[in-house]
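One structure is given below, encoded as structure tokens.
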């Protein structure tokens, strides 16, 4: 592994300053489950590593505020997957967080890191995108928020300015707000990267929002007009609607799957998560 | 922050202050700085879990954590798992339930399993499978681990409640009741019981020393320099920058090796120590860097500049056989070989009867492909050498220390006495740690530098060092309408790599038994071994048989479907029973194979109603056991009644050490606790050919039994001399010396009498199966390894995902000397078979380069990928050539996994498969192909020799 300078700032301001000064030569370290692989393989050779884990202002807390769950920058996938409020209010996020890697990986990987890493196959991103989660960004010019879908600009590209970092994720959640389900296709059942993943979230008015991973460089998000979750929709009508709705997916062929398979799985998975989301909506409303 | 920083942390309960550099990995610091070698390195990407440790109460992959991140943290490794106790309940349960095989994954596995129990004291099956899914075990002792976790989770029963009986004890109790008479006479019986694994305690405590765990003073580290070409002319290699890099001691290329560049190999001396003028496969090293530290060697290797002229590569059967194909090997290397100007390394043909004259009612022809797969032992390959005063010492976790000794002595012109091979227990071998790979290179570096050198490959590099031959096998099978197999006409192409290694023998041995365990009146087998610009294929569990069985068994099913006969009945109809000829003129069937077939069919519930959407499949396979070779053993019975046995076998997880100790224990009446086993050092143990072809129980086991018989003869001599009795009054058997009516155990007899003789009794024994000049394999099979596998499975037709509900395997084992070890071998092989059936394949790009190097995109089964239930059954008729009628058993479980599972999937879906692996995508693709309007019924018979074929 190439040499680098390692900083473990304790304050947000110091971290922000470092990041601003070093620009693209710096990399942020949170859980490190992706970064360390890239460092070891020499794919990334930063001059500076800024470890966020000692920053007092960055929390690992998961808290419920009015109609939203706030997940701190240092909250791990294990914590997200097992958190009572998340299981109650947005089980889809717990499903997605629990699908990431192994126990060992989930004990280190953070939810915010999963977003900032901006891998097209990230499992939690479809849930956050479909449920309208917002990223809380802190930086030299203060605090701002931005929807998760807008933060991710492309494969491994995010919309943070120099010196900015993600402090928390705010997930809208509350009774009657929406019901969501997560699903994915993998090559094997144990620890794997998704060939395609998706979250379907249905809001109180019956509008279904689908967010897919691994079918485009960015999360692919589409919304229907309320037809899909309607009780009386026939299967051929649903198929036809989905064909139109998902026609913008642009999957690629790679070592994990062909574009054709990914494209076919978009619809299969969408149908399945839609059905689960509809059931969730019927049984409890909200995210239950 | 400065380059070095000092930090405090707690490791295994002790406060430590250490200095680390920011770019050091926690795993390296634990292993190299703190000497905690329990955590292991394999994948380096957080997939295998071998490096699992606990940091602040949570399990993490220490390969994915910078050491500086552990500042002020509390780190616990396997070494401290038991606290002040000698072992945790879980560690004990792992041993009791036979969960430990090679042991390399075990430290990490135990960390994960204990963490599960700590957060969930009563986990269900799903929770256990999920919790262990971040820890890969290639021996695949998963089901035993699940059992061990459940056992350790169970609260300690109150004193008067009957305690749950672990599998090992259950098996032992069954055997004990069979041998009740012996036990009443207070005689010790080890054979046939599931005694705990020798070497087990070290493995669960993390103290077993694998190659990478051995320290030598002054050790230098080697890094290979590779290119990203599958084939290219080496224009130039500039090593100057690398030579000047910090810590670098030496950098070599082929030019430093002399002219011609030395070449070696187990059969053909075709592999150069470093790429010679041309890179011939993706990953072939062109240079090697030696430095003071691993990190320095790796950094300097990046500074070596290689200029290449890329050339078209031969990477498939079609490319190898194309009329204008470039030659993979220079014809000058193949002097006198009429095929030297082709990419065909060898052609073989076998057969009997007259295929062309056979009158079949139905002929089915298909071509089946089997992909390149790699061994993926969790211990990456490692090599270490020391050159001192004209003597070469090599450390290599190989399956054949003596063959390595021979190859190295020849290569360096040294007498055998000056080449010592120390073979630490391999952390999984599976054939990949057979035949030399980088030992010559590392030895040369030790000679050049005058210091010991070590090369430990990364997992990616092991993919570029070992693999199974890919195959394309065309099978034409003729059937009678009643389902008799009338002929088999087989053309098999084995795609070897750029150098032959043992690949030609793989093709030969598998093709020779190509028709399988059947009575086939007419057979024609034409087989070729092809060279290509791919990683040299080598020995791999099953030795070509899984590839051959995939084709031949699948084709039998294809015919059976068209005849309206099920997979069980067509096999029962054609399967050879004991004494029936299979290959004409060779050793006939050596087991009651229909018994195994029926047992498997019963266990899978072949004739029972099936839930909708599910299908069943069944298949059989045989592999030829070892055909020739010599195994020697020495057994020493010491004056205090303890025994030491010496064997050149390698214990790579199969448990040879345990079996051998059991044999000695029973033969000499020495308790197992007083038997020690010495292996793995050519300067200490007598010659053994190798640990391969499931030979050790039969060959070395026989040698050991004979060494014990030699001691028996000496005991008789002693008894006659010391007691003054006639020889015919002395009977020695089963650990007893009987003189007239008086019986005494051998150890007691020795303790009482040996002092008059001085010293100890040393017995020697050997088993030799001589070379047979006129046999196509150089010798007949010492035994056949027979297996029957059956599945019940269903398919998600929308996604192509296969769910396996039941997986049954039956081995014809002769006699299980240690039932739990036999089951573990069978299950492990079966799960490895699931790997190549469901998910494993090396993916090549257009230029022949491997696209899925490493653990992220080459998938092997995890604990979550296993069938709902798996049952490893055995037939024990005591009809093998080994001790107590045993046969070899370590490959059977994967011989016919693929055809059996494919048959179940076909039964469930109606589509047939000719290519592996059956990934969700490929199954989906096949399901959709047949939905194309206008396409006929699944598959198609290629011809009917008579007018009225069955409909």
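Coordinate-derived values only; no laboratory data. Quick caveat, the model's predicted, so the values are computed rather than measured. All Cβ positions, glycine included, derive from the backbone under ideal geometry; neighbour counts span all protein chains shown.
Numbers at a glance
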| read-out | value |
| --- | --- |
| log₁₀ of I(q)/I(0) at q = 0.09, 0.23, 0.24 Å⁻¹ - segment B:574-680, Debye sum with one point per alpha carbon | -0.49, -1.13, -1.19 |
| Once the Cα gyration tensor of segment A:35-80 is diagonalised, semi-axes √(5λ) in Å | 29, 13, 8 |
| Contour minus Cα-Cα distance for residue A:59 and residue A:84 (0.36 nm per residue) | 7.2 nm |
| Over segment B:1-54, relative contact order from alpha-carbon pairs under 8 Å, at least 6 apart, % | 21 percent |
| Förster radius 51 Å - calculated FRET efficiency between residue B:126 and residue B:19, Cβ distance, rounded to 0.05 | 0.70 |
| Helical mean residue ellipticity (222 nm; -39500 (n - 2.57) per DSSP H run of 4+; nearest 500) of chain B | -8000 deg cm²/dmol |
| Average partner coverage of B:123-132, which counts Cβ from other chains inside 10 Å | 1 |
| Stokes-Einstein D (µm²/s) once Rh is taken as the Kirkwood radius of segment B:315-422 over alpha-carbon pairs, at 25 °C in 0.890 mPa s | 126 µm²/s |
| Label point at residue A:43 placed 7 Å out along Cα→Cβ; residues across segment A:14-37 whose backbone nitrogen lies under 11 Å | A:34-37 |
| Cα-based equivalent ellipsoid of chain B: semi-axis lengths in Å, sorted from largest, via gyration tensor | 40, 38, 31 |
| Calculated SAXS-style log₁₀ I(q)/I(0) at q = 0.13 Å⁻¹ - segment A:92-159, Debye, Cα scatterers | -0.36 |
| Cα-Cα separations in chain A greater than 34 Å, expressed as whole percent | 19 percent |
| Proportion of all alpha-carbon pairs of segment B:756-849 beyond 15 Å (%) | 79 percent |
| Peptide A:182-189 - average C-beta neighbours from other chains (10 Å radius) | 6 |
| Area projected by the alpha carbon convex hull of segment B:229-272, averaged over all directions, nm² | 4.8 nm² |
| Over segment B:711-778 - Rg/Rh using Cα atoms and the Kirkwood inverse-distance radius | 1.25 |
| Principal axes of segment B:5-97: Cα extent on each, largest first, Å | 44, 29, 21 |
| Along each principal axis, Cα extent of the protein assembly as shown, largest first, Å | 103, 82, 78 |
| Residue-averaged beta-carbon neighbours from other chains (10 angstrom radius) around A:259-271 | 3 |
| Mean Cβ count within 10 Å, highest first, over the residues of peptides A:128-136, B:131-139 | B:131-139, A:128-136 |
| Cα-Cα separations in segment B:235-360 greater than 20 Å, expressed as whole percent | 60 percent |
| Inter-label distance, nm, simple model (7 Å from Cα along the C-beta direction), residue B:851/residue B:687 | 4.9 nm |
| Segment A:160-288 shape via C-alpha gyration tensor axes, a/c threshold 1.5 | oblate |
| Spin-label model distance (nm) - residue A:227 vs residue B:925, 7 Å beyond Cα toward Cβ | 3.3 nm |
| Cα-based radius of gyration of segment A:1-149 once divided by 2.2 N^0.38 Å, which approximates compact folds | 1.04 |
| Residues of segment B:605-644 with amide N under 13 Å of a point placed 7 Å along Cα→Cβ from residue B:714 | B:634-644 |
| Equivalent ellipsoid semi-axes - Cα gyration tensor, segment A:221-270, angstrom | 24, 11, 8 |
| Cα Rg over Rh - segment B:638-689, Kirkwood | 0.98 |
| Residue B:768-residue B:118 pseudo-label distance in nm [points 7 Å out on the Cα-to-Cβ vector] | 5.7 nm |
| Dimensions in Å of segment B:475-553 - Rg and Dmax from alpha carbons | 13.8, 46 |
